[in-house]
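Notes follow the structure.
The values are calculated or read from the model by the stated rules, or taken from the named source; none is laboratory data. Remember, it's a predicted structure, so these values are computed and weren't measured experimentally. Note that each Cβ is placed from the backbone with ideal geometry, even for glycine, and that neighbours are counted across all protein chains shown.
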Amino acid sequence: MLYFLINKDSLSVYQKISPKKSLSTVGNVKFHSKLDSLKNNPKKLSSVIARALDEISEKIIFANKKAAIAIDDSLLFHSLTIKSKKFDNIDYQIEEENKNKWSEKCSEFYFASESRKGSKNIFHSVNINHFLREKIKLNFNNFGIRIVYFVPISSIIISKIKSSQYAVRKKGNVYHIFGFNKKSFNYYEACFAGKSKGVKTIISLGDTPKFKEKELMKNNLKFIHFNKTKILEFFSNIVEKKYIILNFAFSSGLQIFNGEVLNKKNQKTFKKPKIDLSYLKTPVAAITSFFVLIFILNSLSDYKFMEFEENVNNYDKEFQEEKPIELSLSDNAKVKSLTILNNFMRLLEEENVSKNESIEVNESTIDNNLNDKMILDDLTNFEDIELGNLIGNFFEVDNKLKYKIFDGIYLNNQAKNIVFRFEGFSNFKTISSQLSKLDNAYVRKITFNSSSNHLHIYISFVEK
């Protein structure tokens, strides 16, 4: 395991030669531009991160290594949410409050949330710029590094302090002070000289404490100072003992509830409050349910309901008779995805594409007569992939790849809607082969325009 510390102006790498030994420094490099100034310039942001990793790669082999990344809080945004009775779902409440706070920029942020033990109604969220997170993941992946932990420094340094203590990082003349209590997570900045003299509350539900410079200057029982080495020593202890901590490597949303890891299978993602279904209790609903039950019982003993009109292709009838459609929501989406890929491949093989202005296959135009039993028979033979790895794989296929990412909801889960643009269609077979193996990437539409020679593939990527 390699341990990385990302500040806005530098990257540090440490490693442990053996479990019993302390961390040793591998390398420290300065970014050629500060990361917080590049959030609106994804290309340069990616280039700066890649260049720093390239410099360090001269000192250590990155291939097939795991990474635990600690990122400085100056690159993050903190918020606190008090659960409201107006919302049945805390994820939905946090999303709505983020929208109110960031308005049109809300989609630019990924967030991870937690509630500490004993504070079920107060939720602490840490937001990171989406492009910053994705460019870090992408470039680490390109160097053969798999990110296992991607954690705010504040989460690391308050992990083992008491509620009566503060964790302190001093950068220049500014003290960054972190703490927590039963009410909330607290973050302050204190400066005792110059124009910015004073104590600034970054996030807290309580009153701003009156910090004194004499107390903050030295490490003591109340104020615990942290440098880079100490931060990563704490971090390695968390990783080795598998302590619970916020992690940007996981899917966005609530990760820790009441001090315990939230089971993702039971986690409610961004949904509107439950719809009132009390009407089902009415006499009309009871009568309707009765007739539905009669129909179902009749259907089980009489298969005439499966007979189609004569103008329907025989395959449709045969398909229904051989295998009734009893697919889950995700399996149905996967069938559509694979059918879109197969149909587009068939069009490429059958038609003279160069003469056509454009070709499009989407969920509403797919050929339902495509007789590919493997689509249904092998729905379990898929694997998950991280978004950064998927993008990295596509860059290997086409180094001129362009893509855009949008946040959304798909299959009742938080998803990334991605548009990939490839040069030409000569590599489509390779691209299709990769997408056909994935369990959490669903193809929604494929288009090719002969005049621009661009192949666009629209994918919904579900984070699991």
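A few points about this structure:
- You will find that of Ser450, Ser426, Ser460, the residue that is over 26 Å from Phe248 (Cβ atoms) and either loosely packed, with under 14 Cβ neighbours inside 10 Å or modelled with pLDDT of 90 or more (or both) is Ser426 and no other.
- The one condition in (1) free of Cβ contacts under 8 Å to residues at least 40 places away in the same chain; (2) crowded, with 17+ Cβ neighbours inside 10 Å that Lys85 fails to fulfil: (2)
- Flag if Lys445 is outside any strand (DSSP E or B) and of a type in the set (D, E, K, R): no
- Qualifying residue in segment 119-138 (condition: under 24 Å from the mean Cα position of the chain (by Cα), under 15 Å from Leu5 (Cβ atoms) and aromatic (Phe, Trp, Tyr)): no
- Qualifying positions in segment 25-56 - within 11 Å of Lys8 (Cα to Cα) and acidic (Asp, Glu): Asp36
- Looking only at segment 163-175, and only at residues there that are within 31 Å of the chain's Cα centre (by Cα) and farther than 15 Å from Glu215 by Cβ, the one that is modelled with the highest pLDDT: Arg169
- Test: residue in segment 16-27 that is closer than 15 Å to Asn237 by Cα, surrounded by fewer than 16 Cβ atoms within 10 Å (Cβ to Cβ) and among the basic types (Lys, Arg): yes
- Of residues in segment 438-464 being farther than 13 Å from Val419 by Cβ and among the charged types (D, E, K, R), the one nearest to the chain's Cα centre (by Cα): Glu463
- Some residue of segment 391-414 being at pLDDT 85 or above, within 21 Å of Phe109 (Cα to Cα), assigned to a helix (DSSP H, G or I) and not assigned by TED's automatic domain parsing to the domain that holds Glu95: yes
- When segment 343-390 is filtered for residues that are modelled with pLDDT of 80 or more, of a type in the set (Ser, Thr, Tyr) and assigned to a helix (DSSP H, G or I), nothing remains.
- Phe150 vs. criteria in contact with a Phe, Trp or Tyr (Cβ under 8 Å, 6 or more places away or on another chain) and not basic (Lys, Arg): yes
- Odd one out for Ile49 among (1) buried (at least 19 other Cβ atoms within 10 Å of the Cβ); (2) over 23 Å from the mean Cα position of the chain (by Cα): (2)
- Residues (among the basic types (Lys, Arg), at pLDDT 85 or above and either touching a strand residue (DSSP E or B) at 6+ places or on another chain (Cβ under 6 Å) or in a helix (DSSP H, G or I) (or both)) located in segment 55-114: Lys59, Lys65, Lys66
- Residues satisfying the stated conditions in segment 420-464, i.e. farther than 14 Å from Asn343 by Cα, in contact (Cβ under 8 Å) with a residue 12 or more places away in the chain and among the polar types (S, T, N, Q): Asn427, Thr430, Gln434, Asn440, Asn449, Ser450, Ser451, Asn453, Ser460
- Which numbered condition Gly179 fails, given (1) in a loop (DSSP other than H, G, I, E, B); (2) surrounded by 21 or more Cβ atoms within 10 Å (Cβ to Cβ): (1)
- Residue list for segment 137-176, filter: outside any strand (DSSP E or B), touching a residue at least 24 places away in the same chain (Cβ under 8 Å) and among the small types (Gly, Ala, Ser): Gly144, Ser154, Ser155, Ser159, Ser164
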